[in-house]
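Here's the structure we're looking at; comments come further down.
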Amino acid sequence: MMERRTVVDAAAKFYQQKDDVALEVLIGMRDRAIAQDASLKDDVEFEPKYSSGTMGPIDDVKVLGQRILNRWNKELYGLVCEKQGAASKDREAVLDSLKLGEAAVIAALVGCLLSLGLAPAIAAPVAPLIVRKFVWPAKDELCDAWGESLKVSG
């Protein structure tokens with residue numbers, strides 16, 4: 001099993017270096033690459049090369065990334081705000097991290113995503129995107145605003 005710190009470091013790098021669209025495409029491309037070679041699921045550094053022959057149209061890859069993001073966003077919302085699952089330690093880590101800054105929230109979400117079973121290679125770009133799009137803008141009223149964003153994003 002991969003070290004959590006390695007996934008957190010990769011997630012922090014993605015947060016700094018990639019915009020939302022780039023992360024959505026990366027998530028979709030990584031998912032497609034992992035479907036072809038399962039050994040990539042733990043490699044948080046791999047940058048898949050786009051190939052329309054194996055991945056399909058780039059717009060479809062981006063939509064796949066958005067669907068993966070939305071699925072794990074809902075899972076995290078359920079864990080943190082609706083107290084679903086038995087991981088109260090993860091829930092408390094996310095809520096406590098809000099006082100410390102975005103990097104701490106990313107680290108807490110990585111821990112949650114890994115405990116929910118998401119592959120490290122997908123968790124690394126998903127965590128910063130969830131923080132940027134859903135958690136940080138709503139940090140003061142986290143669960144109310146996060147729940148509203150889920151209704152809007154489907």
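Tabulated data for the structure shown
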item: Helix axis angle, 120-130 relative to the chain longest principal axis, alpha carbon, degrees; result: 50 degrees
item: Answer label for Rg/Rh (Cα atoms, Kirkwood Rh) (calculated), chosen among [x] 0.96; [y] 1.21; [z] 1.08; result: [x]
item: Nearest-ten-degree value, helix 58-80 long axis tilted from longest Cα axis of the chain; result: 20 degrees
item: Positive minus negative residues near Leu114 (Lys, Arg vs Asp, Glu; Cβ under 14 Å); result: -1
item: Selection of trypsin sites (Lys or Arg not before Pro), region 1-101, meeting DSSP coil and at most 13 other Cβ within 10 Å; result: Lys49, Lys83, Lys99
item: Rounded FRET efficiency, nearest 0.05, which uses the C-beta distance separating Asp37 from Gln16 and R0 of 25 Å; result: 0.35
item: Of Lys49/Lys83; Lys13/Lys151; Lys41/Lys74, those spanning more than 32 Å from alpha-carbon to alpha-carbon; result: Lys49/Lys83
item: Cβ-isolated cysteines (cut-off 4.7 Å), the chain; result: Cys112
item: Positive minus negative residues near Val80 (Lys, Arg vs Asp, Glu; Cβ under 14 Å); result: -2
item: Additional length obtainable on full extension of the chain from Glu45 to Lys89, 0.36 nm per residue less Cα span; result: 13.1 nm
item: Estimated inter-spin distance, Ser115 and Asp140, nm [label 7 Å along Cα→Cβ]; result: 2.9 nm
item: Cα long-axis angle, helix 20-36 against the chain (0 to 90 degrees, to the nearest 10); result: 60 degrees
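Any read-out appearing in this document is the output of simple, stated calculations on the displayed coordinates, not a laboratory observation. This structure is a prediction, so every number in the text was calculated from the model and none was measured. Cβ: placed from backbone, ideal geometry, glycine included. Neighbour counts: every protein chain shown.
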